[in-house]
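The structure under discussion appears below in the form of structure tokens.
The values are calculated or read from the model by the stated rules, or taken from the named source; none is laboratory data. Not measured: the values here are computed from a predicted model. Virtual Cβ from ideal backbone geometry, glycine too; neighbours counted across all protein chains shown.
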Ligand SMILES: Nc1nc2c(ncn2[C@@H]2O[C@H](COP(=O)(O)OP(=O)(O)OP(=O)(O)O)[C@@H](O)[C@H]2O)c(=O)[nH]1
Ligand SMILES: [Mg+2]
């Protein structure tokens, strides 16, 4: 049996190797993804995002155990660290935070670090999720630090987005919160055991009421848009995890019944294809223009001698390949 077949048979070491190939974006990894694709499309992807240290890993640990116990499906956790080019440091802490889940043979935990661009990370995360989906994980939890673009990327990737907040983070992240509300399907105020949790909860409730006024008008329309669920939790003790798990399953059911699940899948795959094409075209263009010339063009733009638009007009076209006409 080769690596893909062993992965499909559920062999953990093979799955780990496949993930490494995908993370490194090797030709073998791309071939593997192609072969795994027909087996994918069943998993429910749950994004967990929020400011650093709010308790995302601790919650992921609890949620993984609860989903595993309740649904019987296998659960995978992907911890994505966009700030670090190495997965070493984050991994060590995550191993501690997720040690109960890590010792369960039906829960698979993996840390991924950024290689190169953020867009690259989004793509390899999507690839990793596809591997885990294909080899039979019914739930895939994707943890990422809410640091700008990364939570938007995870929101595009996931079916259900959990945004984690905690008391005492200060006002500077209020701006993030405003943007984050739009992507949240479930909002968790973690560290509810700490002082100030009530205030955080109240502030978020007020923001939700402003963003979703129809929550309070009884329209009787069954196909209403999803109203984000607001919860509090203490990840360290497990308080609130039952309700969080219930909310995740409720949102999954909502997506299935409303047709939103299929829609998100289609949109996600379309976008993945677009990113692949863009990457390929950029590589082809660089190859044609050459490193030296690319450097010269970049320098001229940096010196404001020419505009990026002018550079595109002058050098942007890739000559047509006659074979494909
Ligand atoms: N008091 C209290 N501490 C908590 C709670 N949940 C997590 N912690 C602690 O908060 C710290 C950060 O928890 P993590 O789960 O690593 O948080 P994170 O959001 O994954 O952190 P990053 O991945 O580094 O952004 C750890 O020391 C946890 O033990 C909670 O509900 N209450
Ligand atoms: Mg973490």
Suppose we keep only residues that are over 17 Å from residue 239 (Cβ atoms) and not in a strand (DSSP E or B) within the range 44-56. Which one would you say is modelled with the highest pLDDT? 53
With respect to the numbered conditions (1) modelled with pLDDT under 85; (2) within 16 Å of ligand 1 (Cβ to nearest atom); (3) part of a helix (DSSP H, G or I), which one is the sole condition not fulfilled by residue 125? (1)
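Let's see how each residue does on (1) on the phi > 0 side of the Ramachandran plot; (2) within 16 Å of ligand 1 (Cβ to nearest atom); (3) modelled with pLDDT of 75 or more:
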{"position": "144", "(1), (2), (3)": "no, yes, yes"}
{"position": "152", "(1), (2), (3)": "no, no, no"}
{"position": "155", "(1), (2), (3)": "no, no, no"}
{"position": "158", "(1), (2), (3)": "no, no, yes"}
{"position": "167", "(1), (2), (3)": "no, yes, yes"}
Name every residue in the range 20-43 that is within 20 Å of residue 158 (Cβ to Cβ), buried (at least 20 other Cβ atoms within 10 Å of the Cβ) and at pLDDT 95 or above, in order of residue number. 33, 36, 43
Criterion: at pLDDT below 95 and either within 30 Å of residue 71 (Cα to Cα) or away from ligand 2 (no atom under 16 Å from the Cβ) (or both) - qualifying residue of 239, 283: 283
Checked 201, 255, 275 against criteria (part of a helix (DSSP H, G or I), in contact with a helix residue (DSSP H, G or I) (Cβ under 6 Å, 6 or more places away or on another chain) and modelled with pLDDT of 90 or more); the one match is 255
Any hit, the range 8-15, residues being farther than 30 Å from residue 185 by Cβ, touching a helix residue (DSSP H, G or I) at 6+ places or on another chain (Cβ under 7 Å) and touching a residue at least 24 places away in the same chain (Cβ under 8 Å): yes
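Listed here are the residues, each with its yes/no results for (1) within 17 Å of the chain's Cα centre (by Cα); (2) more than 16 Å from ligand 2 (Cβ to nearest atom).
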{"position": "5", "(1), (2)": "no, yes"}
{"position": "12", "(1), (2)": "no, yes"}
{"position": "20", "(1), (2)": "no, yes"}
{"position": "25", "(1), (2)": "no, yes"}
{"position": "43", "(1), (2)": "yes, yes"}
{"position": "51", "(1), (2)": "yes, no"}
{"position": "56", "(1), (2)": "yes, no"}
{"position": "63", "(1), (2)": "yes, no"}
{"position": "68", "(1), (2)": "no, yes"}
Return the total of residues in the range 29-58 being touching a helix residue (DSSP H, G or I) at 6+ places or on another chain (Cβ under 7 Å) and within 16 Å of ligand 1 (Cβ to nearest atom). 8
Only one of these is loosely packed, with under 14 Cβ neighbours inside 10 Å and under 30 Å from residue 162 (Cα atoms): 304, 278. Name it. 278
List pairs: first in the range 182-193 and at positive phi and within 15 Å of ligand 1 (Cβ to nearest atom), second in a strand (DSSP E or B) and at pLDDT 95 or above, Cβ under 8 Å, 6+ apart or cross-chain? 191/234
